[in-house]
1. Which of the trypsin sites (Lys or Arg not before Pro) across the stretch 51-117 are loop residues per DSSP, with 15 or fewer other Cβ within 10 Å?
2. Can you list which of the trypsin sites (Lys or Arg not before Pro) found in the stretch 171-205 are DSSP loop residues with at most 15 other C-beta atoms within 10 Å?
3. On the accessible surface of the chain, probed at 1.4 Å, how many percent belong to carbon and sulfur atoms?
4. With a sphere of radius 11 Å drawn around the Cβ of Phe120, what net charge do the other residues whose Cβ falls strictly inside it have (Lys, Arg +1; Asp, Glu -1)?
5. Over the C-alpha atoms of the stretch 39-138, what are the Rg and the largest Cα-to-Cα span, Dmax, in Å?
6. What percent does the relative contact order of the chain come to when contacts are Cα pairs within less than 8 Å and at least six residues apart?
7. What pairs in Lys138/Lys188; Lys63/Lys97; Lys45/Lys105; Lys105/Lys188; Lys45/Lys138 have C-alpha atoms more than 26 Å from each other?
8. With all distinct Cα pairs included, what does the Kirkwood hydrodynamic radius of the chain come out to in Å, to one decimal, could you say?
Amino acid sequence: EPQIVMRKDWKYLLYISAAFGLFVVVKLLSPSQHNWTITYSYTDKDPYGGYALNRLLGSVFPKEDIHHSFKTLYELSDSIPANSNILIVSSRFNGGKEDSDFLLKHVAEGGKALISSQYFLGHFADTLGIGTYDYFFKMEEFAMRKDTATLRFVSSGADTVREYFYRRDNIHNYFHRFDSTRTSVIAKNDRGMPVTIRVHWGKGDFILNSTPLVFTNIYL
């Protein structure tokens, strides 16, 4: 009788081992699970991270030094050379006075800054006279909304034919206010709304963009 019990236990072990093996195979063959948190971090390989952007910057500018920081612009003000290009990608750019004053001075003296953010707020936005708006929840949009939206260049120096496709709920902010005397439009969405503008400031330029998710891994 002890031998019969052992045989039964062995049978159960076989069932458990087979079930575990099947579970492992299914997990290996299943699509990998991603973290959809928006980080823009250059070390993040998930869909809304910035790992791909960092790799592309290195290949586009192979002879340039690229430095990353999560410090404020004011904290970095003594370490940023006058001829540096500044790139900022965020969901909200709420430029306080100290950070904004440094950034405005840096560009006015001949530097350049590309800032991509859904919203521009605070002292920086007030000084440049810019504002962004989210059209996604306008009542008329519900009747004509499509899942896919496009962006395209409109400046004479860029490709004005090719369109770039995105999920509409990822690129629904645009510039509804800017100083037309110092600003030119670089790109628009499929509603004809400006999403990228160049603002001339002193001896330099700001390139401002309202669709930061286009710089994340999933789209690049």
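1. Loop-located and lightly packed - Lys63, Lys71.
2. The qualifying sites are Arg182, Arg191, Lys203.
3. 57
4. Once all neighbours under 11 Å are counted, the net charge is +1.
5. Rg and Dmax of the stretch 39-138, Cα atoms, are 14.7, 46 Å.
6. Averaging sequence separation for qualifying contacts and normalising by length gives 20 percent for the chain.
7. Lys63/Lys97; Lys45/Lys105; Lys105/Lys188; Lys45/Lys138
8. Values: mean 1/r = 0.0489 Å⁻¹.
One decimal place: 20.5 Å for the Kirkwood radius.
The values are calculated or read from the model by the stated rules, or taken from the named source; none is laboratory data. What you are looking at is a predicted structure, and each value in this text was computed from that prediction instead of being measured. When we count neighbours, we look across all protein chains shown, and the Cβ atoms used for this are built from the backbone with ideal geometry, even at glycine. The accessibility values were calculated without ligands, DNA or RNA, using every heavy atom of the protein model including side chains. Shrake-Rupley method; radii C 1.70, N 1.55, O 1.52, S 1.80 Å.
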